[in-house]
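Student: Starting off with a structure, shown below.
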Amino acid sequence: MKLNKTMIAHRYGSALFELALEKDERQDLKTELAELKQVLVDEPKMMLLLTSKQIARTDKQKFIRTLGDSASETLKNLLDMLFDYNRIGDLAVIIDEYNRLNDEYEKTVKATVTTAIPLDSEQKAKLADSFARIVGANKVILEEKVDSDIIGGVILRSNDYIYDGSLKLRFAQIKRMLLK
């Protein structure tokens, strides 16, 4: 049975997270993985190099070793294992899964807040605190989006929660009531 990216990410990400907890290096590994993910974003051709069939396996191994030179033993082992099992192309989704598990462990929620005008830092802080109480999180990280189409109010979205307090929605509700 061939595994899809979600299953691969979950298996490897979970195992990596469990190991990091066990070795008490969860935060350090999170930092290392963030740096590695940034390299993947900044240099998209790197993944082409590592997955290309035209490049010799020994050359790829040398590159993996160079990549892991200043990395922790855990990260070196991850890179070696992914390379050995031909899963190096799944590195980004594995890092994402590790981060998701870490956020869950820390009770951190990421949410998008959409407003008609930009929020100041005090408004963002109050909104984050209120949302944290609602969803039972220790910390809320807000990504702000401005959309003048909502007219006013706030729309908050996280993984499994949507709060739409926009005037656009209110107007639509009033319109539906008037048309009944």
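The values are calculated or read from the model by the stated rules, or taken from the named source; none is laboratory data. These numbers come from a predicted model, not from an experiment. Cβ placement follows ideal geometry from the backbone for every residue including glycine, while neighbour counts extend to all protein chains displayed. When the accessible area is computed, the model is the full protein with side chains, heavy atoms only, and any ligands, DNA or RNA have been set aside. Shrake-Rupley method; radii C 1.70, N 1.55, O 1.52, S 1.80 Å.
Student: Calculated FRET efficiency, Val146 and Glu35, Cβ-Cβ r, R0 35 Å, to nearest 0.05?
Tutor: Computed FRET efficiency for Val146 and Glu35 comes out at 0.70.
Student: Keeping every protein chain present and rolling a 1.4 Å probe, give me the accessible area per residue for the chain in Å².
Tutor: With the other protein chains kept in place, the chain gives 66 Å² per residue.
Student: Now, a different point. What figure in square angstrom, to the nearest 10, would you give for the accessible area of Thr58 with a 1.4 Å probe?
Tutor: 80 Å²
Student: While we're looking at this one, here's another question. Round to a whole number: what % of the accessible area of the stretch 39-180 belongs to carbon and sulfur, probe 1.4 Å?
Tutor: The computed percentage sits at 53.
Student: What is the extension gain from Lys126 to Glu73, computed as 0.36 nm multiplied by their sequence separation minus the C-alpha to C-alpha distance, in nm to one decimal?
Tutor: 15.0 nm
Student: Please report the Cα spread of the stretch 1-132 along all three principal axes, rounded to whole Å, starting with the longest.
Tutor: Principal-axis extents of the Cα atoms in the stretch 1-132, largest first: 54, 36, 34 Å.
Student: In addition: At a Förster distance of 30 Å, what's the computed FRET efficiency of Gln61 paired with Leu21, Cβ-Cβ distance as r, to 0.05?
Tutor: 0.55
Student: From Cα pairs below 8 angstrom and at least 6 apart in sequence, can you work out the relative contact order of the stretch 16-113, rounded to a whole percent?
Tutor: Reported as a whole number, the value is 36 percent.
Student: Take each complete run of DSSP H in the chain, measure how far its Cα atoms stretch along the helix's own axis, and keep only those covering 20 Å or more with mean Kyte-Doolittle hydropathy at least 1.6; list them.
Tutor: Answer set is empty.
Student: Moving to a separate point now. Among DSSP bridges having both ends in the chain, what percentage is antiparallel? Round to the nearest 5.
Tutor: In the chain, approximately 50 percent of DSSP beta bridges are antiparallel ones.
Student: Using a simple spin-label model with points 7 Å from Cα along the Cα→Cβ vector, what separation in nm is obtained for Lys175 and Thr51?
Tutor: Distance between label points: 4.3 nm.
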